Amino acid sequence: MGNTAWLFPGQGSQTVGMGQDLAAAFPEAAAIFQEADDLLSFPLSRLCFEGPEDALTDTINAQPAIYTHSAAVLAVLRAHGVETLPHFVAGHSLGEYSALYAAGVFSFAEGLRLVRERGRLMKLAGERQPGGMAAILGLDLSTVEEICATVRSRTGQVLQVANDNCPGQVVISGDVTALEAAMEAATAAGARRVVRLAVSIAAHSALMATIQDEFAAFVRATPMHSPQVPVIMNATARPTTDVETIRSHLIAQLTSPVRWTESVRYMIAHDVDTFLEIGPGDVLSGLVKRIDRKVRRLPLGTLEQIRSFLSMQ
């Protein structure tokens, strides 16, 4: 295995049952889930293991659930000899917090408080200014950006690219009226598929600005340390090891797009040839495959996947 990067999934990767097999097999994983329950004063672990799905999917719960699952996987890997730090770490949206935890920027507890507050405030922003998100498949980034600009000009409403996930997969976010107009325009422009996402918030758009100051105060009050490994930040698709830069990028990330395609290409250009996806699901592994089929991709979220990986070490 050559140079490795650790990737951490974001919201949408949660599934009922996540982490249950790990907690049953590995005391290190069980301890992480127990710590989360104790810190949050409610049984997050039961929500992960048993659902119900609608409660797990709620932004305020999904964010700490995914973060905790990623931390549990990381605890197992570290307890079983995976001690070498990767070349880079990166996370998709919420996953950026898991990446920062993995890099030693803050403790598990501090990160959990951050993502719980982030989820609470993002849900609040959605209540104050309801919005939506949609995935546009089969159009390039510049075409989608042009559609958003045209719709913004015509409607005067918030609409922008939220995620550049991989070539041919772009997510847009904003006011519902503008979103619907852009979805129609994307279809007319030849999009292979246009999918409205099952969310009532407009993440990574200007509609999140209503909670940005409150979240910024929370970020600035959180103790942070210089990362042990460069973190590729969503807002810039470039690495940083500077704490104040990390703080500013976390705040900016609420209203700015996740530049995932650029982030992965940057890591590949800097000699990464293996990506480990640490947390639930395999969404990021699929995106990396779409960006560059030649690199190795290993999702590590289930007991079977982790045992297979550890057997190779």
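The values are calculated or read from the model by the stated rules, or taken from the named source; none is laboratory data. Because the structure is predicted, anything quoted here is derived from the model rather than measured. Here the Cβ positions follow ideal geometry from the backbone for every residue, glycine too, while neighbour counts run over all protein chains shown.
Some points to look at:
- Per-region count, the stretch 263-313, residues closer than 20 Å to residue 101 by Cβ, out of contact with any Phe, Trp or Tyr (no Cβ under 8 Å at 6 or more places or on another chain) and among the small types (Gly, Ala, Ser): 3
- Identity of the residue in the stretch 189-202, closer than 17 Å to residue 144 by Cα and under 16 Å from the mean Cα position of the chain (by Cα), that ends up modelled with the lowest pLDDT: 197
- Every residue from the stretch 171-221 that is of a type in the set (A, V, I, L, M) and exposed (fewer than 14 other Cβ atoms within 10 Å of the Cβ): 188, 195, 198, 209, 217, 221
- Candidates 305, 313 - the one that is touching a strand residue (DSSP E or B) at 6+ places or on another chain (Cβ under 8 Å) and within 19 Å of residue 82 (Cβ to Cβ): 305
- Test: residue 104 is closer than 30 Å to residue 229 by Cα, out of contact with any Cys (no Cβ under 6 Å at 6 or more places or on another chain) and surrounded by fewer than 20 Cβ atoms within 10 Å (Cβ to Cβ): yes
- Any hit, the stretch 224-243, residues being over 18 Å from residue 101 (Cβ atoms), touching a residue at least 40 places away in the same chain (Cβ under 8 Å) and assigned by TED's automatic domain parsing to the domain that holds residue 117: no
- Hits in the stretch 149-170 (condition: buried (at least 22 other Cβ atoms within 10 Å of the Cβ), in a strand (DSSP E or B), touching a Leu at 6+ places or on another chain (Cβ under 9 Å) and among the hydrophobic types (A, V, I, L, M, F, W, C)): 159, 161, 170
- Members of the stretch 236-273 found to be within 21 Å of residue 120 (Cα to Cα), buried (at least 17 other Cβ atoms within 10 Å of the Cβ) and touching a helix residue (DSSP H, G or I) at 6+ places or on another chain (Cβ under 6 Å), listed by number: 250, 251, 254, 255
- Checking each residue in the stretch 157-177 for being within 16 Å of the chain's Cα centre (by Cα) and aliphatic (A, V, I, L, M) picks out 161, 162, 170, 171, 172.
- Scanning the stretch 171-206 for residues that are closer than 25 Å to residue 55 by Cα and assigned to a strand (DSSP E or B) yields 171, 172, 173, 174, 195, 196.
- Applying the criterion of at least 1 residues that are closer than 25 Å to residue 236 by Cα and at pLDDT below 95 to the helices (runs of 4 or more DSSP H) found wholly in the stretch 8-105 leaves 59-79.
- Residues in the stretch 207-231 that are small (Gly, Ala, Ser) and in a helix (DSSP H, G or I): 209, 216, 217, 221.
- Restricting the stretch 18-34 to residues that are closer than 15 Å to residue 64 by Cα and of a type outside the set (A, V, I, L, M, F, W, C) leaves a set whose member that is surrounded by the most Cβ atoms within 10 Å (Cβ to Cβ) is 19.
- Flag if residue 82 is farther than 21 Å from residue 310 by Cα and of a type outside the set (S, T, N, Q): no
- Index of the failed condition, residue 144 passing every other in (1) within 19 Å of the chain's Cα centre (by Cα); (2) crowded, with 21+ Cβ neighbours inside 10 Å; (3) outside any loop (DSSP other than H, G, I, E, B): (1)
- Being closer than 23 Å to residue 12 by Cβ and not assigned by TED's automatic domain parsing to the domain that holds residue 195 holds for only one residue in 121, 139, and it is 121.
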